[in-house]
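Heads up, the thing below is written out as structure tokens.
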Amino acid sequence: MESAITRRPCAVLFDRDGTIVDDVPYNGDPERVRPAGGAHEALRRLRDAGLPIAVISNQSGVARGLLTIAQVEAVNRRIEELLGPFDAWFYCPHGPGDNCACRKPLPGMVLEAAAALGVAPQCCVVVGDKPSDLGAAQAAGAMALLLREGLGLRAAVDAILRGREIDRGPG
């Protein structure tokens, strides 16, 4: 289920690291934030189309003692400075063994984001770069797009705005 866009969604939920910004493991330094290729244009197009956008991100570095909540939030603020405002932010500070409901691939953050945006989870699309992003979407009943070689943010946003399956051309 790498591309499950069957209709135009009501909201788009993005993973953070490796999706809208370059993946810097356990990044707590706002100066190390770099937008992913195509992120500016992709987010602008979604905003111009009137679609609410949110970020859902596992941040296990907090549970591992590698990051503080303040650092995660400083990085999130820097992302907004570089890429513009998001309608909502959600992150899971728990580790893989904590058995929380919010850590992807469980549906907690997808459900919470949908509720905050005032839409049904089934009307959301989750865009991410890892199988856990797909898993969270599936568990919540949301649509999903997995970024990979050949499917970048530009192609993902094209599919979202068209409300149909992705074009397998260059991203």
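Values quoted throughout were computed directly from the atomic coordinates according to the rules given, and no laboratory measurement underlies them. Since this is a predicted model, take the numbers as computed values, not measurements. Reconstructed Cβ throughout: ideal geometry from the backbone, glycine too, with neighbour counts over all protein chains shown.
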Treating the angle as unsigned and between 0 and 90°, give the value, to the nearest 10°, between the Cα long axis of helix 69-83 and the longest Cα principal axis of the chain. 40 degrees
Can you pull out the GluC sites (Glu not before Pro) in the stretch 1-96 that DSSP calls coil and that have at most 14 other Cβ atoms within 10 Å? GLU2
Hey, what do the phi angles of the stretch 51-62 turn into as Karplus ³J(HN,Hα) couplings, whole Hz, using 6.51/-1.76/1.60 and θ = phi - 60°, x for Gly and Pro? 8, x, 10, 9, 10, 10, 9, 6, 10, 5, x, 5
Descending semi-axes in Å of the stretch 1-91, equivalent ellipsoid built from Cα gyration tensor: 24, 15, 12
What does the helix-only formula give at 222 nm for the chain: each DSSP H stretch with n ≥ 4 adding -39500 (n - 2.57), the total divided by the residues, and the result rounded to the nearest 500 deg cm²/dmol? -9500 deg cm²/dmol
Relative to the first principal axis of the alpha-carbon coordinates of the chain, what is the inclination of helix 108-117, with its axis defined by its Cα atoms, in degrees from 0 to 90 and to the nearest 10? 60 degrees
Compute the long axis of helix 131-140 from its Cα atoms, compare it with the longest principal axis of the Cα atoms of the chain, and write down the angle in degrees, 0 to 90, nearest 10. 70 degrees
Taking amide H positions as placed in the peptide plane 1.01 Å from N, state which residues far from VAL21 in sequence (5 or more) or on other chains have amide H under 5 Å from it. ALA36
Over the stretch 11-162, what is the mean sequence separation of C-alpha contacts under 8 Å (at least six apart), divided by residue count, expressed as relative contact order in percent? 27 percent
If the only charges are +1 at each Lys and Arg Cβ and -1 at each Asp and Glu Cβ, what is the size of the charge dipole of the chain around the Cα centre, to the nearest 20 debye? 320 debye
Using modelled backbone amide H atoms (1.01 Å from N, in-plane), which distant-in-sequence or interchain residues come within less than 5 Å of VAL55's amide H? PHE14, ALA88, TRP89, PHE90
Which one, MET109, GLN59, LEU83, is farthest towards the positive end of the dipole of the stretch 11-162 when Lys and Arg carry +1 and Asp and Glu -1 on their Cβ? MET109
Can you tell me the order of 125-136, 42-53 when each peptide is scored by its average per-residue count of other Cβ atoms within 10 angstrom, highest first? 125-136, 42-53
Partnerless Cys - the chain, beta-carbon criterion under 4.7 Å: CYS100, CYS124
